[in-house]
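What follows is a short report on a single structure.
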Amino acid sequence: MSTGIGELDRVLGGGMPLGAAVMIGGEPGIGKSTLMLQAAAGSGRRVLYITGEESPAQVAMRARRLGVEKAHVTLLAETDTGRITAALDKILPELFVIDSVQTLFSAEAGDVPGTVNQIKYGCYELIDWARAHNVPVFFVAHVTKDGSIAGPKAVEHMVDAVLYFEQSENDLRFVRASKNRFGAVEEVGLFAMQAEGLVEITDPTAVFLVRRSGGMPAGIAAAPVYEGSRILMLELQALTVPAKGGVSRVFADRVDSRRVARIAAVLEKHIGPAFSSLDIYVNVAGGMRVADVGVELPLALALYSAYSGRPVPSNLASAGELSLTGELRPAAQFDRRRKAAAALGYSRFIGPKQVRQGEPSPEDWEKTESISEAVRRVFGTE
Ligand code: TYD
Ligand code: MG
């Protein structure tokens, strides 16, 4: 079942599977209720929207703001799972939304509302109903900054997919799956929150790039990153400073810090910068987390640039994996990375000599064997 929201459908693996239970978590205020109301309306189906936090009047006001007040969505303010199930039996919706699981109360799970037991039991009953009627359900769950609320965690294993709604530094919202029985977990759905609700960003290639007037500072390298099914152009930023207390440390929460440490070690071994006496900071502009191994070459260039104080030319992008021996290895989707970079004005592209077996080859790029050769090409030094 399509939610009418392409970005959400894609993260789900091609729409909402019938009879599936999907949890969507995120911090309060991120836009979960907005997304769910837009999806409820966008599905074009008969939907029951159960609101445990806001009054139907508040939700209706949001619907008017979003311009979806004519959709076939019935609002019900209810927290008691017994009464929710009775309403489901009566209305027989084609999709239903529980906003939020933290408000669920089941008389059969003890007296205290809001306990983990209540949430688990309530979700269990509702998932049961969804399965039996082959109707999909969305569960909204609040998660605090440190992700510590026990409730949603307790539900994660019961549902078919777990989506998280997050916010980037430049105020973009992204939805990504941390578990998905129906599709890849690498897909990222991108939105901007505007006066008329969440607006999809369907061509995200350039949204994370930092626009600069004037020259490039040292420590920055452009990287076409393969996330899910798409290429995003990101900017990797590195900074090196003398290690405090004599022990070298890596501070990187957007790229695996072990990967950063390994690449610094390869640079030190094959080119010479003494990273072992430095603290290394790595960031990805815009706030995306990057798991793609194809960023190893641009990451190495950003590190070398930070260390040497020499900027990477602003028209240069790169992609490739780096082996411990200092050799460059092909990254997946090399041709698409090359094209995405070229489309955004990166006229130079450095990568390994070959593409992956079976993949199309770009017309032209700077074929490079090793990290030493790449550093020579980019910085003109030994
Ligand atoms: P909301 O969906 O209520 O967040 P959640 O359910 O995750 O707590 O909305 C989050 C914020 O978005 C809210 O502070 C107001 C803002 N907003 C807009 O900017 N435009 C809109 O059209 C809507 C509906 C909300
Ligand atoms: Mg809400």
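The values are calculated or read from the model by the stated rules, or taken from the named source; none is laboratory data. Please read all numbers here as calculations on a predicted model, not as lab measurements. Positions of Cβ are backbone-derived with ideal geometry, glycine not excepted, and every protein chain shown enters the neighbour counts. These accessible areas exclude ligands, DNA and RNA; they are computed on the full protein's heavy atoms, side chains included. Shrake-Rupley method; radii C 1.70, N 1.55, O 1.52, S 1.80 Å.
Some notes on this structure:
- Each residue in the stretch 115-136 was checked for being of a type in the set (Val, Ile, Thr) and assigned to a helix (DSSP H, G or I), and 3 pass.
- Across the stretch 254-267, the number of residues qualifying as touching a helix residue (DSSP H, G or I) at 6+ places or on another chain (Cβ under 8 Å) and either surrounded by fewer than 18 Cβ atoms within 10 Å (Cβ to Cβ) or in a loop (DSSP other than H, G, I, E, B) (or both) comes to 1.
- Residues of the stretch 182-211 classified as in a loop (DSSP other than H, G, I, E, B), in contact (Cβ under 8 Å) with a residue 60 or more places away in the chain and among the charged types (D, E, K, R), total: 3
Per-residue answers, yes or no, for (1) away from ligand 2 (no atom under 16 Å from the Cβ); (2) more than 20 Å from MET36 (Cα to Cα):
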{"residue": "THR74", "(1), (2)": "yes, no"}
{"residue": "ASP89", "(1), (2)": "yes, yes"}
{"residue": "PHE105", "(1), (2)": "yes, yes"}
{"residue": "PHE139", "(1), (2)": "no, no"}
{"residue": "PRO152", "(1), (2)": "no, no"}
{"residue": "VAL155", "(1), (2)": "yes, no"}
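- Residue that is modelled with the lowest pLDDT, among those in the stretch 268-282 that are surrounded by 15 or more Cβ atoms within 10 Å (Cβ to Cβ) and part of a helix (DSSP H, G or I): PHE275
- Flag set for ARG338, criterion: in the same structural domain as LEU236 (by TED's automatic domain parsing) and in a helix (DSSP H, G or I).
- Helices (runs of 4 or more DSSP H) fully within the stretch 1-100 counting 3 or more residues that are buried (at least 19 other Cβ atoms within 10 Å of the Cβ): 6-12, 32-42, 81-91
- Condition met for VAL312 (open to solvent by less than 10 Å² (accessible area, probe 1.4 Å), farther than 16 Å from SER370 by Cα and in contact with a strand residue (DSSP E or B) (Cβ under 8 Å, 6 or more places away or on another chain)): yes
- Filtered by the rule that a residue be within 12 Å of ligand 1 (Cβ to nearest atom) and either at pLDDT below 95 or touching a helix residue (DSSP H, G or I) at 6+ places or on another chain (Cβ under 6 Å) (or both), the stretch 50-59 gives THR51, GLY52, GLU53.
- VAL112 vs. criteria assigned to a loop (DSSP other than H, G, I, E, B) and within 16 Å of ligand 1 (Cβ to nearest atom): no
- Odd one out for GLY294 among (1) in contact with an Asp or Glu (Cβ under 8 Å, 6 or more places away or on another chain); (2) in a helix (DSSP H, G or I); (3) farther than 19 Å from LEU236 by Cα: (3)
- None of GLY19, GLY13, GLY31 is within 12 Å of ligand 1 (Cβ to nearest atom) and at positive phi except GLY31.
- Selected residue (criterion: nearest to ligand 2 (Cβ to nearest atom)) from residues of the stretch 160-212 that are polar (S, T, N, Q) and open to solvent by less than 60 Å² (accessible area, probe 1.4 Å): SER168
- Pairs with Cβ under 9 Å, 6+ apart, first in the stretch 11-32 and not assigned by TED's automatic domain parsing to the domain that holds TYR124, second within 12 Å of ligand 2 (Cβ to nearest atom) and modelled with pLDDT of 95 or more: none
- No other residue among VAL101, VAL73, VAL135 is closer than 21 Å to MET16 by Cα and out of contact with any Gly (no Cβ under 7 Å at 6 or more places or on another chain) apart from VAL73.
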